[in-house]
Structure formats: C-alpha cells, structure tokens
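Input: a single structure, listed below in structure tokens.
The values are calculated or read from the model by the stated rules, or taken from the named source; none is laboratory data. None of these values were measured; they are calculated from a predicted model. Methodologically, a virtual Cβ is constructed for each residue, glycine included, from the backbone with ideal geometry; neighbour enumeration extends over all protein chains shown.
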Amino acid sequence: MKLVLEDQRTGDATKDTILADSERTVSTVWRAMAYGDMKKSGMALYYTDNALVGVYQ
C-alpha cells in the first residue's frame with residue numbers, strides 16, 4: 001500500500017496549513033488500515049465523536 005499526495009502549495013500560509021493538516025488526516029487513516037491497528041493510529045487526534053466511531057466501523 002502506498003499513499004502518494006501531490007504537493008499542493010498555494011502560496012497562502014493559511015490554505016497551505018489546512019492542506020497539510022488534511023494530508024496528515026488522510027495519511028493517519030491509511031496507516032491505520034495498512035497496519036490493521038485502528039486504535040493506536042492517532043486517529044482520535046483528527047476524528048471525534050460520531051466521526052471517530054464511523055472510522056472504526
């Protein structure tokens with residue numbers, strides 16, 4: 001499994017920060033699936049409440 005994200009720098013510091021955080025969110029989910037360890041993946045940092053429950057299902 002390989003996750004490749006294109007460099008999406010916009011030149012706007014706020015947008016670039018949001019894009020970078022989104023990349024980390026996606027990467028966290030992929031890492032959890034790849035290693036089969038949803039609970040230790042750090043997804044609770046990015047997902048809470050119903051969203052976190054939905055990811056674990």
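Please determine, by comparing only the residues of the chain that are among the polar types (S, T, N, Q) and at pLDDT 80 or above, which one is nearest to the chain's Cα centre (by Cα). Here the residue is Thr25.
Pairs linking a residue in the stretch 1-25 that is over 17 Å from Gly42 (Cβ atoms) to a residue that is not in a helix (DSSP H, G or I), with Cβ atoms under 7 Å and 6 or more positions apart or on different chains, are Asp16/Arg9; Asp16/Thr10; Leu19/Gln8.
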